[in-house]
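Notes to accompany the following structure.
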Amino acid sequence: MSIAKHTTFNLVGAILPLAISLLTIPIYLNLIGEARYGVLAIAWLLLGYFGLFDLGLGRATAQRIGFLQSGTADQRATAFGTAFWVNLALGILGGLIIWPVAHYVFSFVVDIETDLRAEIVAMVPWLAISLPFATLSGVLTGALIGRERFLELNAISVFGATLIQLLPIFAVLILGPKLTVIIPVVLLSRALTLLVLFQRCLHHIVKGHRIGFETAEASRLLTFGGWVTVTSIVGPMMVILDRMVIGVVSGAAAVTLYTIPFQLGERTTLLARSAANALFPRLSGLEENERTHMAREGQSALIAIMTLITAIGILLIEPFLALWISPQFSNDSRQIGIIILAGFWANSLAIIPYVLIQARGRPDLVAKVHLFEVLPYFAMLYIGLQIFGPPGAAIAFSIRASADALLLGWVAGQLRSSFSLIIKPALIIVATIVVATMLVPGTLAWFISSFFVLSLTLLQAWITAPNKLKKMVLSSINRIKRYNRSTD
């Protein structure tokens, strides 16, 4: 099946759980109250941190199974089995550690109402049991990614997200709004999802072979996964700590002005990351020449699409924030939003080189690049805040994102070939920023300039796009025309 279809499956699989979550959050707040929901949020945060006990084995499994596309079924079953048993052991170890840590956090760190404390203490063992389920799902998901079973995987993901959001609501309505009801039901939901994932792995990967263990395979997976874990720590660490630096230097209000546009900007890369996840197993199993060619085509397609998405975002960020939050907030944060959107455009250019390097089996190179960026980034962040205030933080982020794209492109050997693809789209992004900053949204000059810039963006996107993407777009247009004629 084509990369485009796999990307669509990944995109839908990412959007639907988000939509379900947005719909159910108000229901949860109404049923269990803000205090219990806050405790749940901290519990999920702890699970997320201790999910690092996965040690990158989910990604390592995807790469290894993808690499073994032309291997034997027995080799794939051994790789899967080794990842499964190692991950299970790590999940149990993590569960034993999170138990006392969670007990300490909820007893001494978090300020909790007295009548809730006993309920929370009783919840902690369930939280510890949840961790092996969370880590195992990473390996099972990675295995299905490696076999490129994206339709099934995303269908299961949506099914699991629906269960996890809805079953606890029904349980609360029947048994009462207690954390000792919610957490076990969430665990049951995860267990059911895990069983479905495991069954599909048995069908597509194991196929009657023994789910064995091999020391050499474990070493290979842990080496790959260890470097993935470094990247998984460094990236979020920079995001979390930059908020702290902004808060210390410029105050809490500045954190809000920065965080909301940042979260909006982050959403613009959803399509790019869906495409990257679709490409990863395919690239892992190809010879180097084919891999390089496919990566270049993927980069061309992403530049075309992301330039259009980013240009629209830059033009609409100010009126959107005014409508969504308030005109005052929009006025205070529009510069930050525009700079951050430009930064995420640069960030999207790093996604294909990132995937390409990992597909070659060299996640250490990605991790080393990210480690190299840490100190210069925080130095730029501090200086930017001192000189420009909150927009300085956005400038620091955008410079880091650009440096990340350049460094990963260079390490991947894609920098020279990508440079010619980037120049004109980069100039379009600059022109869009000029329109967004110099003209007032809603005025005639703004509409005319926006129309001109977006027309130029569409033209450049069509020129940049690979032939496969053009054929897919034309085919979709023809299908729509045929449908319209048939309904007339």
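The values are calculated or read from the model by the stated rules, or taken from the named source; none is laboratory data. The structure presented is a predicted model; accordingly, all values stated were derived computationally and were not measured. Here the Cβ is made from the backbone with ideal geometry for all residues, glycine too, and neighbour counts use every protein chain on show.
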Legend entry - Selection count where residues are surrounded by fewer than 16 Cβ atoms within 10 Å (Cβ to Cβ) and assigned to a helix (DSSP H, G or I), scope the stretch 203-217: 3
Legend entry - Options 431, 461: the member that is in the same structural domain as residue 284 (by TED's automatic domain parsing), within 25 Å of residue 354 (Cβ to Cβ) and part of a helix (DSSP H, G or I): 461
Inset, instruction - Would you mind telling me which numbered condition in (1) closer than 21 Å to residue 308 by Cβ; (2) touching a Phe, Trp or Tyr at 6+ places or on another chain (Cβ under 9 Å); (3) surrounded by fewer than 18 Cβ atoms within 10 Å (Cβ to Cβ) residue 435 fails? - result: (3)
Inset, instruction - From the list 379, 394, 350, pick out the single residue that is in contact with an Asp or Glu (Cβ under 9 Å, 6 or more places away or on another chain) and either surrounded by fewer than 19 Cβ atoms within 10 Å (Cβ to Cβ) or not acidic (Asp, Glu) (or both). - result: 350
Legend entry - Search result, residues across the stretch 166-183 that are surrounded by fewer than 20 Cβ atoms within 10 Å (Cβ to Cβ), in contact (Cβ under 8 Å) with a residue 24 or more places away in the chain and within 27 Å of the chain's Cα centre (by Cα): 166, 169
Legend entry - Test result for residue 220, modelled with pLDDT of 85 or more, over 23 Å from residue 302 (Cα atoms) and not in a loop (DSSP other than H, G, I, E, B): yes
Inset, instruction - From (1) surrounded by 13 or more Cβ atoms within 10 Å (Cβ to Cβ); (2) modelled with pLDDT under 90; (3) under 30 Å from residue 375 (Cβ atoms), pick out the condition that doesn't hold for residue 406. - result: (2)
Inset, instruction - Please state which of the following conditions residue 122 fails to meet, knowing it meets all the rest: (1) surrounded by 17 or more Cβ atoms within 10 Å (Cβ to Cβ); (2) more than 16 Å from residue 190 (Cβ to Cβ). - result: (1)
